[in-house]
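The values are calculated or read from the model by the stated rules, or taken from the named source; none is laboratory data. Just so you know, these numbers come straight off a predicted model, no measurement behind them. Cβ placement follows ideal geometry from the backbone for every residue including glycine, while neighbour counts extend to all protein chains displayed. The accessibility values were calculated without ligands, DNA or RNA, using every heavy atom of the protein model including side chains. Shrake-Rupley method; radii C 1.70, N 1.55, O 1.52, S 1.80 Å.
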Amino acid sequence: MTRVAIENAAVCTVDDQDTEYPSGHVLVEDDRIVSVGPGPAPGAADRRVDAGGCLVTPGLVNTHHHLYQWATRGLAADSTLFEWLVELYPVWGGLDAEITHTAASAGLARLATTGCTTVADHHYVFPSDGGDQLDALVSATHRIGVRAHLVRGSMDRGESDGGLPPDNLVEDTESALLGTERAISTWHDPEPTARVRIAVGPCSPFSVTERLMTGAAELARAHGVRLHTHLAETLDEERQCRAENGCSPAEYAEKLGWLGPDVWLAHTVHLAPDAILRLGATGTGSAHCPTSNGRLGTGIAPVRDLLDAGAPVGLGVDGAASNESGGLGEELHQALLQARQRGGPSALTVREALRLGTMGGARCLGRERELGSLEPGKLADLAVWRLDGLAHSGIADPVAALVLGTLPPLALLLVGGETVVAEGELRTVDESVISNELRAASARLATSRESE
């Protein structure tokens, strides 16, 4: 048994009562939090961390990502979403397991150094000669030391069927469903302490058939795992869905059984008022990706309305090919700015922004009982932000400093009580090694595309 006491810090628990301590402690025993409160930690400890000048929060939860895209940053820099996809799909056709592992390692390292402890990664590209893509992701997760919800994605609607991806990048429907079921049986851990869980995630209504959407929902519910897809991201999608199906994307999702408390949807930018109410009434979650939406110019999601309707809302970085920063901590700031641009300064408070990145994300992933807040009995996933430097000194409210200011460095990041980041540096892997690996992988992917 190992006890770690983090003391002398401001503590924002993000519990149901929004409890905060101007000078308090968090006591960790092995992989669990055992005490949170004012003053020093009670009892003995194997390690005491003086966190004076710091803010302790729950670890951030990333509800939507595409880790493989770290190998293709900076492309299609001025394109719409559909243009961006058309340019990048052929490049992604050159992915192999080594490139995916390297890209995922880089992406997870960046996420960890920006306060992220749990990552939902939506992987839907499975080239026929690409090796074991999910094994590459799982091994990267273990390498960096964060938790992962790996969404086994799929596409079965290529260009010849009116979809966007090239035909050589899509699977047939049965192969996609069998591959998804195999991922669940191989990797999914239902235990509360799980480091890896699997979700089911057909890519989007414009790249999959109705048969795959309904089959995936049936498969997920038969195995008790969650469902995820892109929805209502652009007006192009809205127009296409109405032309093909005679309804909006949200209405189409509901028709196919894709609303419910076991579903979370990426983006949900273009929702009619009645669709927002349906997401709230059904407990359907939304992964809000403000920087990616801004990079691609898709619009601003109705976060305030979704929250008021009772829908779980978390934050997502999205793939680094549409958010080259790749960090989650910055999304607290971006979410607040976008909400206020849409609805004024009362549209989102600084504490609501932090809640989106913590408990909101945990709710989307169905892990609110063990993640998302600092409470005794929960897993010891937490971030200690250093606020005593030039960028934040003088801001009396530590949560305002975190959300409104530049992203502060991490004094400490724990995942299950284990140190992943300390004093701003990744401690599980040498960052220079990952950088060199990524540079080589990106070059190899670009070379394979040029040689075709």
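For V151, what residues show an amide H to amide H distance below 5 Å, using hydrogens built from the backbone and excluding near sequence neighbours?
D121, H122, H123, A199
As an exercise, use a Förster radius of 45 Å and the Cβ-Cβ distance of A44 and T447 to find the FRET efficiency, rounded to the nearest 0.05.
After rounding, the FRET efficiency stands at 0.20.
Just report the Cα centroid separation between segment 308-370 and segment 13-65, whole Å.
21 Å
What are the ³J(HN,Hα) values, in whole Hz, obtained from phi via the Karplus relation 6.51 cos²θ - 1.76 cosθ + 1.60 with θ = phi - 60°, for each residue of segment 143-155 in sequence order, with x given for Gly and Pro?
3J(HN,Hα) across segment 143-155, in whole Hz: 4, 7, x, 9, 7, 9, 10, 8, 8, 6, x, 6, 9.
Sorting S79, S325 by accessible area (1.4 Å probe), largest first, what list results?
Accessible-area ranking of S79, S325, largest first: S325, S79.
For the full complex of protein chains and a 1.4 angstrom probe, list K378, K255 by accessible area with the highest value first.
K255, K378
Tilt of helix 81-92 relative to the longest C-alpha principal axis of the chain, in degrees (0 to 90, nearest 10)?
90 degrees
I want the antiparallel fraction of DSSP beta bridges within the chain, as a percent rounded to 5.
45 percent
About its Cα centre, how strong a charge dipole does the chain have in debye, to the nearest 20, once Lys and Arg get +1 and Asp and Glu get -1 at the Cβ?
Dipole magnitude for the chain comes out near 820 debye.
To the nearest 10 degrees, how steep is helix 329-343 against the longest Cα principal axis of the chain, on a 0 to 90 scale?
Approximately 70 degrees, to the nearest 10.
In segment 189-203, which residues have a backbone nitrogen under 18 Å from the label point lying 7 Å from D236's Cα in the Cα-to-Cβ direction?
Under 18 Å, as judged by backbone N against the label point of D236, lie 203 of segment 189-203.
If each residue of separation counts as 0.36 nm, what is the full-extension length gain between L390 and T349 once their alpha-carbon separation is subtracted?
Result for the pair: 12.4 nm of gain on full extension.
In nm, give the distance between the simple-model label positions of R439 and E87, each being 7 Å from the Cα along the Cα-to-Cβ direction.
Computed distance between label sites R439 and E87 equals 2.4 nm.
Got a number for the accessible area of M359? Probe 1.4 Å, square angstrom, nearest 10.
20 Å²
Counting Lys and Arg as +1 and Asp and Glu as -1, each charge on the Cβ, what is the dipole of segment 346-438 about the Cα centre in debye, to the nearest 20?
My answer is approximately 440 debye.
Go ahead and collect, in residue order, the members of segment 323-347 whose backbone nitrogen is under 20 Å from a label point 7 Å along the Cα-Cβ direction of L404.
Within reach of a label on L404: 329-347.
Report the accessible area of V34, computed with a 1.4 Å probe over the heavy atoms of all protein chains in place, in Å² rounded to the nearest 10.
Probe radius 1.4 Å; accessible area of V34 about 60 Å².
Which of A400, W92, P42 sits farthest toward the positive end of the charge dipole of the chain, with +1 on the Cβ of Lys and Arg and -1 on the Cβ of Asp and Glu?
P42
Roughly how big is segment 170-280's charge dipole about its Cα centre, with Cβ charges of +1 (Lys, Arg) and -1 (Asp, Glu), in debye to the nearest 20?
260 debye
What list of ³J(HN,Hα) couplings, whole Hz, do you get for segment 402-412 from phi and the Karplus terms 6.51, -1.76, 1.60, once you set θ to phi - 60° and write x for glycine and proline?
Coupling constants for segment 402-412: 5, 7, 8, x, 5, 5, x, x, 8, 6, 6 Hz.
Rounded, prolate or oblate for segment 335-410? Axes are the square roots of the Cα gyration tensor eigenvalues, ordered a ≥ b ≥ c, and the cut-off for rounded is a/c under 1.5.
oblate
Report the antiparallel proportion of the DSSP beta bridges in segment 1-150 as a percent, rounded to a multiple of 5.
Taking every DSSP beta bridge with both residues in segment 1-150, the antiparallel ones total about 50 percent.
In what order, largest first, do S175, S248 sit by accessible area if the probe radius is 1.4 Å?
S175, S248
Placing +1 on the Cβ of each Lys and Arg and -1 on the Cβ of each Asp and Glu in the chain, which of A232, V429, F126 has its Cα farthest towards the positive end of the resulting dipole?
V429
Once you have the Cα-Cα distance between T419 and N245, take 0.36 nm times their residue separation minus that, and quote the gain in nm to one decimal.
57.7 nm
Apply the Karplus parameterisation 6.51 cos²θ - 1.76 cosθ + 1.60, with θ equal to phi minus 60°, to every residue of segment 174-191 and state each ³J(HN,Hα) to the nearest whole Hz, in sequence, with x for glycine and proline.
5, 5, 5, 5, 5, x, 5, 5, 5, 4, 4, 5, 7, 10, 6, 10, x, 5
Using amide H atoms built 1.01 Å from N in the peptide plane, name the residues 5+ places from V421, or on other chains, whose amide H lies under 5 Å from its own.
L413, R427
Spin-label point model (7 Å from Cα, Cβ direction): what's the E191 to R342 distance in nm?
Distance between label points: 3.9 nm.
Gain in length, D397 to E431, computed as 0.36 nm per residue apart minus the alpha-carbon separation, to one decimal in nm?
Answer, rounded to one decimal: 9.0 nm.
Quick query: amide H of T229 versus all other amide H atoms, modeled in the peptide plane; which residues come in under 5 Å with a sequence gap of 5 or more or a different chain?
Under 5 Å from the amide H of T229 lie the amide H atoms of W264, A266, each far enough along the sequence or on another chain.
Rounded, prolate or oblate: which fits segment 125-284, taking a ≥ b ≥ c as square roots of the Cα gyration tensor eigenvalues, rounded meaning a/c under 1.5, else prolate when a/b beats b/c?
Because a/c hits 1.5 or more and a/b fails to exceed b/c, segment 125-284 counts as oblate.
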